[in-house]
Structures are given as C-alpha cells and as structure tokens.
Amino acid sequence: GAMHRALNPDGKFSRDGYGAQARLVAAVLAPSDRVLELAMGNGFNLQWLASRYPDNSFTGIDLVDLHVRQALKNTTGLLNAHPTRGSFQELPFADSSFELLFVIESLCHATDMELALRETFRVTAPGGKLLVIDGWQTPDFAGLDPVVRRAAALVEKSMAVGVPSRLDIWRSQARAAGWKIESETDHTTSIIPNLLRFAGLAERYLSHPRLARLSLHLLPKRLLMNAVAAYLMPLCVQAGADTYRAITLTKPEED
C-alpha cells in the first residue's frame, strides 16, 4: 500500500524500507502532538503511526476521493486516525491546529509552492514542526549535461511534479514563508536500490519496441508515464540531477 520509495541504506532492496519514512516521523513525534499528514495517499503511513501511537491524534488529507476511501478502509478501527479530503494549498483547518505536519514525496506536486508553505505554516502551532521528505533538483542542476536535464524533465512530467523545485531555492521559499530549517538529512543513496528495482521492471517493457508501440494504444497513459519515470529515475539521481532528503522545519515560538 505504500506510495513512496523504500529507504534501504545498506544498499539492498527490502520491503521494510517502505516503513522508513514513518519511522522518521515517529522520531520527531511528541506524546501530545496533534499530527497532520499532507497527501496521505492510501493511508499507509497514517495507519502505521496511528496503530503504534494511540495517544496521538492523526489527521490525513488527500485530493483524490479514491485515496480517501482506501485510507478510511485501511484505518478502520483506529479511533485516532482521521482521513479526509483536502488540499495542502487550501487547508480546511484553523490557525495553529497541529503540532506536527509531515508530507512524503508529495509536496513536489504543489502548483504554488509558496502558497503551500504559507498554508502549512498557518495551521502549525508555534514551536511546531513540518517534516518534508521528498526529492528536489540539486543546486548544480543548471550546469549539468543537457541530456541529463532533459531526462530529469521527463521524469518530473511523468511524476506530475507541479513546478520543479531546486533545493537551494526551496530552502529560501521556506524561510520566506516563516519557517526555520532545523535539520536536513540526505537519503539519496538509500533510495537507489528501490529505483534500480523499478528500472529493471520498466526495462522489460521498454526493451521490446514493438510491444511498447502497441501499448501506446492499449494501456492507460498514466501507466506508460510511470514506466518512463521508473526507467530514468536512477539515471537522473546517479548523474546528480536529483536529491532525496528529509528536512525538518520549525515554526518559531511567538514572542
């Protein structure tokens, strides 16, 4: 049910890596925190956390009705899990509603990143945190070979990235929204095993040109786009175009 990449720091793919992001959230979770997950998908992380931390309240939002229905099903019986429909660019919550927000591989889909950062800042209580686990273009992106940049652009389009964010520019946008960057950890090498696994699956399809051309007419467009992204992602990461990080932002205490 995970809709994000596994983290395998030992260099070997393991499904246990799909729980790594939720463990990163748990590491910054305080006992009394009210928690909001942005773009919760099928509720994989919401279920993982709510089942292990019954004294915390976990709310999740997602734009896709199908995801919300699946998340409701996956969290059945968990009274501290509350999936609902919503956009992180227009959060349906009052100011200072949560002590901890987190978003995994989804803030990149923002069509207005500055608005998303302001909205998350608004609903976070003073002293609260936003944990962003996602991919960014590297600061050196503009100087890379044009072929690498073209490959990265194809991945971004295939993955429905709203407006591609360069890491250094994104940091400045976060600070402009009022956030303080508390910590930043590079997990790029940890996603490589999962990316190579995806690429291997995609290569089976792409290595048969006649089948690929036929599939253009028979398979859903989204499935074909996923194959393009899966094939090119490890190449883009290994060429230095993309980086995968966990960044913890803090909302300053009020004076």
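This table checks each residue for (1) in contact with an Asp or Glu (Cβ under 8 Å, 6 or more places away or on another chain); (2) more than 19 Å from ARG166 (Cβ to Cβ).
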position: GLY86; (1), (2): yes, yes
position: GLN89; (1), (2): yes, yes
position: ASP95; (1), (2): no, yes
position: ILE104; (1), (2): yes, yes
position: CYS108; (1), (2): yes, no
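Looking at the structure I just gave you, is THR111 within 15 Å of the chain's Cα centre (by Cα) and among the hydroxyl-bearing types (Ser, Thr, Tyr)? Steps first, answer last, please.
Values: within 15 Å of the chain's Cα centre (by Cα): yes; among the hydroxyl-bearing types (Ser, Thr, Tyr): yes.
When the stated conditions are applied, THR111 passes them.
Could you please find all residues in region 1-49 being part of a helix (DSSP H, G or I), closer than 22 Å to SER96 by Cα and open to solvent by 50 Å² or more (accessible area, probe 1.4 Å)? Lay out the reasoning, then the answer.
Quick first cut of region 1-49, residues part of a helix (DSSP H, G or I) only: 15-27, 44-49.
Cutting the leftovers down to closer than 22 Å to SER96 by Cα gives us 25-27, 46, 49.
Once the filter is applied, which keeps residues that are part of a helix (DSSP H, G or I), closer than 22 Å to SER96 by Cα and open to solvent by 50 Å² or more (accessible area, probe 1.4 Å), region 1-49 yields only ALA27.
Within the bounds of region 75-90, is there any residue that is crowded, with 23+ Cβ neighbours inside 10 Å, touching a strand residue (DSSP E or B) at 6+ places or on another chain (Cβ under 6 Å), touching a residue at least 40 places away in the same chain (Cβ under 8 Å) and over 23 Å from HIS187 (Cβ atoms)?
yes
Out of all the residues in region 128-140, which are open to solvent by 30 Å² or more (accessible area, probe 1.4 Å) and either within 20 Å of PRO252 (Cβ to Cβ) or of a type in the set (Ser, Thr, Tyr) (or both)?
LYS129
For region 73-125, enumerate the residues that are touching a helix residue (DSSP H, G or I) at 6+ places or on another chain (Cβ under 9 Å) and β-branched (Val, Ile, Thr).
THR75, THR84, VAL103, ILE104, THR120
Taking the residues in region 223-244 that are open to solvent by 50 Å² or more (accessible area, probe 1.4 Å) and modelled with pLDDT of 90 or more as candidates, determine which candidate is nearest to SER183 (Cα to Cα).
GLN238
Test each condition in (1) open to solvent by less than 70 Å² (accessible area, probe 1.4 Å); (2) within 25 Å of LEU49 (Cα to Cα) for GLU182 and report the one that comes out false.
(1)
I'd like to verify a number: residues in region 91-118 that are open to solvent by 30 Å² or more (accessible area, probe 1.4 Å), more than 20 Å from HIS4 (Cα to Cα) and not in a loop (DSSP other than H, G, I, E, B), how many?
Of all residues in region 91-118, those open to solvent by 30 Å² or more (accessible area, probe 1.4 Å) come to 92-96, 99, 109, 111-112, 114-115, 118.
Next, only the ones that are more than 20 Å from HIS4 (Cα to Cα) stay: 92-96, 99, 112, 114-115, 118.
Pick out the ones that are also not in a loop (DSSP other than H, G, I, E, B) and you get 99, 114-115, 118.
Count: 4.
Look at region 54-80 and say how many of its residues are more than 19 Å from the chain's Cα centre (by Cα) and within 18 Å of TYR18 (Cβ to Cβ). Outline the logic, then answer.
So in region 54-80, the residues more than 19 Å from the chain's Cα centre (by Cα) come out as 54-57, 69, 72-80.
Narrowing the set further to residues that are within 18 Å of TYR18 (Cβ to Cβ) leaves 74-75.
Selection size over region 54-80: 2.
For region 55-77, does any single residue satisfy the condition of being closer than 25 Å to ALA160 by Cβ, hydrophobic (A, V, I, L, M, F, W, C) and in a loop (DSSP other than H, G, I, E, B)?
Yes, because at least one residue in region 55-77 is closer than 25 Å to ALA160 by Cβ, hydrophobic (A, V, I, L, M, F, W, C) and in a loop (DSSP other than H, G, I, E, B).
Conditions: (1) part of a helix (DSSP H, G or I); (2) out of contact with any Lys or Arg (no Cβ under 7 Å at 6 or more places or on another chain). ARG245 meets all but one. Number of the miss?
It is condition (1) that ARG245 fails.
The values are calculated or read from the model by the stated rules, or taken from the named source; none is laboratory data. Keep in mind that this is a model prediction, so the values were computed, not measured. For neighbour counting, all protein chains shown are included, and Cβ atoms are generated from backbone atoms with ideal geometry for every residue, glycine included. The area values use the complete protein model at the heavy-atom level, side chains included, leaving out ligands, DNA and RNA. Shrake-Rupley method; radii C 1.70, N 1.55, O 1.52, S 1.80 Å.
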